[in-house]
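**Student:** Next up is a structure, given as structure tokens.
The values are calculated or read from the model by the stated rules, or taken from the named source; none is laboratory data. Since the model is a prediction, treat every value here as computed from it, not as a measurement. Virtual Cβ from ideal backbone geometry, glycine too; neighbours counted across all protein chains shown.
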């Protein structure tokens, strides 16, 4: 596998730092990407790395969290060196809280009181995004809990509208989905609706857990499709490795 990092920032929207060589020229604006993998594989950490990269390059983000509280996510960002509670980040990024309603009252400006009301969730996401300059990064982590409260067909209609808005905003949407918890029809339909799919997997070799990432497909740009191993550091930084186990 070619493993030369780009010397300059991609012309399109970027991946985490040393993932850039996987997609020639970066991710085109207006793309919606599925990030699929089993629990515990690093999908959320990948999203945090992307958001961190974007903030450092002055691109704002909306983070829709359905799997943990915004406070937990903010604590994770502290390990990346970003204190999102600082005043300078006010109005530069927003969380849409779709989790805290299960355990109490949310302190976030944008939140929902139930995941069974997808119209409300759509509205909160749109309102948050409209406050930020474009292009922006929208992270949706994850779409899987929506199926606990709504039919898969209704979830797909909700996502179809959100995908269209990402294109209208000329931004980038990363949509996390858990592997193995939905019907095959659901995965197939989502794959048809989006512009690209990133996969993650876990292998165990001699008692050692190894994580892998690949770009399964992405429209309109050249890209590397082989599985690439990656590691997660103590500060939650993802590092892509070469096939020989060296940093890319």
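Conditions tested, residue by residue: (1) surrounded by 15 or more Cβ atoms within 10 Å (Cβ to Cβ); (2) within 16 Å of residue 43 (Cβ to Cβ); (3) touching a residue at least 12 places away in the same chain (Cβ under 8 Å).
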residue	(1), (2), (3)
145	yes, yes, yes
159	yes, no, yes
164	no, no, no
190	yes, yes, yes
194	yes, yes, yes
199	yes, yes, yes
207	no, no, no
225	no, no, no
237	yes, yes, yes
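**Student:** For region 108-136: of the residues being within 16 Å of residue 63 (Cβ to Cβ) and without any contact (Cβ under 8 Å) to a residue 24 or more places away in the chain, which is surrounded by the fewest Cβ atoms within 10 Å (Cβ to Cβ)?
**Tutor:** 130
**Student:** Take the residues of region 75-107 that are closer than 13 Å to residue 44 by Cβ and without any contact (Cβ under 8 Å) to a residue 60 or more places away in the chain: which is nearest to the chain's Cα centre (by Cα)?
**Tutor:** Only one residue fits best here, namely 77.
**Student:** Now a separate question. When the residues of region 16-38 are filtered to those that are touching a helix residue (DSSP H, G or I) at 6+ places or on another chain (Cβ under 7 Å) and more than 18 Å from residue 169 (Cβ to Cβ), which remaining residue is surrounded by the most Cβ atoms within 10 Å (Cβ to Cβ)?
**Tutor:** 35
**Student:** Evaluate region 68-78: report whether one residue or more is under 23 Å from residue 133 (Cα atoms), part of a strand (DSSP E or B) and out of contact with any helix residue (DSSP H, G or I) (no Cβ under 8 Å at 6 or more places or on another chain).
**Tutor:** So far as region 68-78 goes, no, none of its residues is under 23 Å from residue 133 (Cα atoms), part of a strand (DSSP E or B) and out of contact with any helix residue (DSSP H, G or I) (no Cβ under 8 Å at 6 or more places or on another chain).
**Student:** Same structure, new question: Does residue 41 meet the test of being modelled with pLDDT under 95, part of a loop (DSSP other than H, G, I, E, B) and buried (at least 22 other Cβ atoms within 10 Å of the Cβ)?
**Tutor:** Criteria met by residue 41.
**Student:** Of the residues that make up region 225-233, is at least one closer than 24 Å to residue 77 by Cα, part of a loop (DSSP other than H, G, I, E, B), modelled with pLDDT under 95 and in contact with a strand residue (DSSP E or B) (Cβ under 8 Å, 6 or more places away or on another chain)?
**Tutor:** yes
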